[in-house]
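S.K.: One structure coming up, written as structure tokens, with questions to follow.
Derivation of every value follows stated rules applied to the coordinates shown; laboratory data play no part. Values in this document were obtained by computation on a predicted structure and should not be read as measured data. Every residue, glycine among them, receives a Cβ derived from its backbone with ideal geometry; neighbour counts consider all protein chains shown.
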Amino acid sequence: MRWTNLPALVLASFAALSLTPAPAFAQTGQVVSVAKEDFAAARLGRRGLDLLMEKDGRIFIVATPGEMAALAGLRVPFTIEASRFLPQGLQGVSQAGGINGAYHSTLELETDLRALERDHPGLASLLEIGKTLEGRKIYALKISDNVAADEREPAVFFIGCHHAREWISVEVPFLFGKHLLENYDKDQEVRNLVDASEIWIVPIANPDGLEYSIHVYRYWRKNRRANADGTFGVDINRNYGYAWGFDNIGSSGLPGSDVYRGTAPFSEPETAAIRGLFLAHDFRAMISFHSFAQDILFPWGYTTEAAPTDAELGAVAGTMAGLIAGVRGTAYSSGQASRLLYLTNGDTVDWTYSIAGAPSYTIELSPVDIDHGGFFNDEAAIGAIFEENLPAMLYLTRYAIDNPVPRPPRVRVRRDGIRPVPESRLKLARTPVLRPSR
Ligand SMILES: [Zn+2]
């Protein structure tokens, strides 16, 4: 018997105990739960598992067949939670527009971005900023008056879909661009903003991962890098160059982990493309959209120490939360990322903040928790989630125009290519706080 058959056999013996058939793909998984005391006793916190939530004394995990086999091998009892979470996670998607329903695939987005460019000449320009490992194009939509010229205006950046399964994070920045272009002639403040700034929108930072999430495995998070140990994917929101690999809590050096940081800062084409764009313009504010939690998070993520402009970051975040709540009462929390959510290192906003000193935010969109849909927003809610975030996006754009930064840089900048911290000097990972990877 080949060793590769072993996990399947172990799994088969466990599958007989459950009511759910084993998934068809080796890379797919489903939600299982483990009693909190069993989780701690088996020290599962060190295994880089994809933790979703803790509820009623149980830890919920997205587990692949291999991981379920490992749990079985460790004699950790687990329950398949198929009744609460469909294996493919297609709740809320009509499938009338294909398997991804009203959400954009990479090609559908390209078509719609081209249409915006065609319909708004002089205001919209579509640029290819990089290519993924599987050869897909990473697009940035630039919106400004005299868009073809570099007028050296203050730049604002909105980006989505670092994480493949966070489909709603594509739609909010895309709809923002559409809103600006379609209201330029009708809305004086939109016109003022577009005339005075450059607004850069990258709705899909991770096209390969998104396609994999649509077609193979709905819970996929990372890009599709083939790692040396046979696993796939780098978490591109742990691959940026500020405090990359600072410790093994905020990211992982294990390639199979869902928060694997890659082999070096900017080792991935997606983060390299975004670095190139960001360094070429005078960015004064940015939002990186994720889901889910209804949080507005700001640097630092890698440490609980306050950022140099902590008060300003917090004030702007608080204003944005108030604007979101003002639409129909949806409550977003705001705070320093490492304190409100969990430690991360090598993430997008720590890096952009370190470079520009500009207000940089991660917004975890609706819903508030996994019992309200988690990563799987009902497609009927796309418009409402965008409308709630619109005033905050307009406000941040206005703020960027009115508040030039840095003057001189207020942040001690550690430029690209910081020396990676050697693995031997990394702190041993403690049992992590049990929060989902978002
Ligand atoms: Zn995310």
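S.K.: With label points built 7 Å along Cα→Cβ from the Cα atoms of residue 118 and residue 280, find their separation and express it in nm.
M.R.: Distance between the two pseudo-spin positions: 2.4 nm.
S.K.: Further question: Percent relative contact order of the stretch 106-424, based on C-alpha pairs within less than 8 angstrom and at least six residues apart?
M.R.: Once divided by the residue count of the stretch 106-424, the mean separation gives 20 percent.
S.K.: Would you please give the FRET efficiency between residue 42 and residue 229, computed as 1/(1 + (r/R0)^6) with r the Cβ-Cβ distance and R0 = 35 Å, to the nearest 0.05?
M.R.: According to the calculation, E is roughly 0.95.
S.K.: Got a sec? Which residues in the stretch 216-239 would a label at residue 263 touch, if it sits 7 Å along Cα→Cβ and we count backbone N under 12 Å?
M.R.: 226-230
S.K.: Taking neighbour Cβ counts within 10 Å as the exposure measure, how do 394, 71, 109 sort from fewest upward?
M.R.: 394, 109, 71
S.K.: If I model a spin label at residue 380 and residue 149 as a point 7 Å from the Cα along the Cα→Cβ vector, what separation in nanometres do I get?
M.R.: 4.9 nm
S.K.: Would you please give the residues with an amide H less than 5 Å from that of residue 334, counting only those at least 5 places away or on a separate chain, with H modeled from the backbone geometry?
M.R.: 296
S.K.: Could you work out how far apart the two model spin labels at residue 133 and residue 311 are, taking each label as a point 7 Å from the Cα in the direction of the beta carbon, and quote it in nm?
M.R.: Between residue 133 and residue 311, the simple spin-label model gives 4.5 nm.
S.K.: Just give me a number: lysine pairs in the stretch 106-424, eight or more positions apart or cross-chain, with C-alpha atoms less than 17 Å apart.
M.R.: Counting lysine pairs in the stretch 106-424 gives 4.
S.K.: Here's something else I'd like to know. Restricting to bridges with both residues inside the stretch 106-424, how much of the DSSP beta-bridge set is antiparallel, in percent to the nearest 5?
M.R.: Here the antiparallel bridges make up roughly 40 percent for the stretch 106-424.
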